[in-house]
Structures are given as structure tokens and as C-alpha cells.
1. Answer with yes or no whether Gly208 is without any contact (Cβ under 8 Å) to a residue 60 or more places away in the chain, closer than 17 Å to Phe277 by Cβ and among the small types (Gly, Ala, Ser).
2. Of the residues Val248, Val274, which single one is touching a residue at least 24 places away in the same chain (Cβ under 8 Å), farther than 27 Å from Gly86 by Cβ and not assigned by TED's automatic domain parsing to the domain that holds Gly86?
3. Taking the stretch 25-53, which residues are part of a loop (DSSP other than H, G, I, E, B) and buried (at least 17 other Cβ atoms within 10 Å of the Cβ)?
4. Give the residue that is nearest to Glu146 (Cα to Cα), with candidates limited to residues of the stretch 173-199 that are among the acidic types (Asp, Glu) and surrounded by fewer than 16 Cβ atoms within 10 Å (Cβ to Cβ).
5. Which condition does Val225 not pass, out of (1) under 30 Å from Arg256 (Cα atoms); (2) part of a helix (DSSP H, G or I), if it passes all the others?
6. Across the stretch 249-267, what is the total count of residues that are surrounded by fewer than 20 Cβ atoms within 10 Å (Cβ to Cβ) and assigned to a helix (DSSP H, G or I)?
7. Which helices (runs of 4 or more DSSP H) sit wholly inside the stretch 104-168 and have at least 1 residues that are more than 14 Å from Arg78 (Cα to Cα), in the same structural domain as Ala79 (by TED's automatic domain parsing) and more than 19 Å from the chain's Cα centre (by Cα)?
8. Regarding Ala69, is this residue touching a residue at least 60 places away in the same chain (Cβ under 8 Å), over 20 Å from the mean Cα position of the chain (by Cα) and in the same structural domain as Thr132 (by TED's automatic domain parsing)?
Amino acid sequence: MAGLSRMSKRAKLAYLADLEEGYRPFDKHALKLLQSLLRDPDAEVRAQAIACLWNDPDTRWIKVLMRMATDDPHVDVRAHAISALGRYVYEGEQARLENWSEMWENDLTPEDYQRVTDFLFRVAHDPDEPLTVRRYAIEALAFRSEDPEVEELIEWAYHHPDKRMKVSALFAMARHGHRRWDDYILAELHSHDPQIQYEAVRAAGELGITEATETLIELATSKGVRKPLRLLAIYALGETGDQRAYPVLEKLARARDRDVRDVARDALEEWMMVTQFEEMMDEEDLEESFAGSSFPDVWDAETGTFSKN
């Protein structure tokens, strides 16, 4: 690639977008260029470079991200750094659930995980931090599924007077995955605020809230609904795995509108995966139930003895 100093801003952003989307390999050349772009004088370039780090959760980036989250002069860059630290919360949560077993491939240690979460909690609770930075810290911490302090932060954000905090709270609810958030999400499906309603629809799909199915069907089939919201509702229907969603998605998969048709087909594939997974889980539960059951003895005519059925 051309020398970094000769690259235009547009070329840098295009390269980083390709890297983030996986169209370019995360090889040594890309990492070297990424390290340089993290120090680019343009804030937009720095923010986009940070976004790429989600795909490379190497612990060497933790110190870099913490420094940028604290010291970068541009709030948007700091927010991106906070968001990228969320990947380590996710990895740490998965490793914690596996009791940090040797089978865990990531080199993240319990100490790294604690360092990142402590940092994010400090940011989230600091009233002197910009709202944008605090809300991204809450979103990043939402991966911690069994932490009362995280639940308190999400609750606080949901009831915050600034609408942006409520948007982040709904996003965090979807990440957190606790059923305690269902009623909040169901209520916001009818919000008059476009951003809040959009996040509620997305959360309802990600959490597979079947109580949202009828509302999602209304949004998915109404031509008066904003198209981005309609397309999101269509896909969310697939994520619910609800039987009521299938005929609706089948019909939408034959719609004249190409975007509606394509999303509906993707949603049908998602619906199939969700239902197959649920069936598999039901079968496993049934097998466990039978394995632990005690059956009465029956007479075996061939052996002349009682045996288990």
C-alpha cells in the first residue's frame, strides 16, 4: 500500500472499513498500519481505527485503549475506545463461565478482565465524564450477566432524563440478556421516539421475546412504518422463533420490494436456526428427565424375573 503520509483521509477510512468488515486480512502489514492510524491527527480516522480492534482482542491493545479513552481530546474517539474495551468484558465473561479453564483460547487473564471492568465502572459512575463516554461504558459492561451493579447502571440509564441514555439502556438490555428487562422493552416497542423504538425492536429480536411477536408483525407488515424500522422488525420476527412469525415471513419473502424480500429470507433462515436449537434443547431436557426417572418393574416372561421397563 502507498506510504501512510500520501494516503488521503478517504483512502484511510476506506481501508479501515474493509479491515473492520473482514474484507482485508488482519496480517502484520494491517496491524502495522493500524498502529499508525491510531495516532492519526484526524479524529474520525482514529475512531475508525479503534473500531477495527473489536476483531483483534489481543491484550496488548488494552493499555492503548485505556489511554485513548482517558486522554484523547475528541469525545467520539474516547467513546469508541470505551466501546472497544467491551470486547474484553465479553471475552472475560465467557472465560469466567468456563472457570478460566486451560481450554480457553484467548490469552486474557482474570487480572486483565478485572482491570478493564474496574476502569469501565469508574467511567460509568463518574459524573464529570461526558454523557457519551458514560453511556458507552454501560453498554460495554452489559456483557456481565450476573452483576447487580451492572443491572443498577442499566436501570439508572433507562430512567435518565436524557433520551440518549435510554437508547443505550435498551442496547445494554439486549446485551445483558436478563428476562427482567422484557417489560421495559415491550413498553418501548410503542415509543413515539424513533431511536428508542428502533432499539426496542432490536432488543426484542435479540432476546427472542415472543410476547413482542404481534407488535413486530404489525411493524413488519405496515407500509406506513419507516423502512429501516420495518426491515429490523422483519428480521426480529425471525429471531423470536415464534410459530406465528413463519407465515408472515414466508409472505414477505415474496414481496415486490427487494429489500423487504431479502431481509425476510434472511429472517426465515434465522427462524429455522432458532426453532431447531430450541427443539434440540427440548430433546436434551427430555433425555435428562428420563435418565433421572424411576420406572416400575415389569415381569419378563423369558427370564422369569422382574426387570426395569
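The values are calculated or read from the model by the stated rules, or taken from the named source; none is laboratory data. Everything numeric in this text was worked out from a predicted model, so none of it was measured. Glycine also receives a Cβ, built like all others from the backbone with ideal geometry; neighbour counts cover every protein chain displayed.
1. In short, no.
2. Answer to the selection: Val248.
3. Those that are part of a loop (DSSP other than H, G, I, E, B) and buried (at least 17 other Cβ atoms within 10 Å of the Cβ): Leu38, Asp40.
4. If we filter the stretch 173-199 for residues that are among the acidic types (Asp, Glu), which is where we start, we get 182-183, 188, 193, 199.
Those left that are additionally surrounded by fewer than 16 Cβ atoms within 10 Å (Cβ to Cβ): 183, 193.
Working: Asp183: 19, Asp193: 30 Å.
Applying the filter and picking the extreme gives Asp183.
5. The one condition Val225 does not meet is (2).
6. Of the residues in the stretch 249-267, 8 are surrounded by fewer than 20 Cβ atoms within 10 Å (Cβ to Cβ) and assigned to a helix (DSSP H, G or I).
7. Those helices (runs of 4 or more DSSP H) span 110-125, 148-158.
8. Yes.
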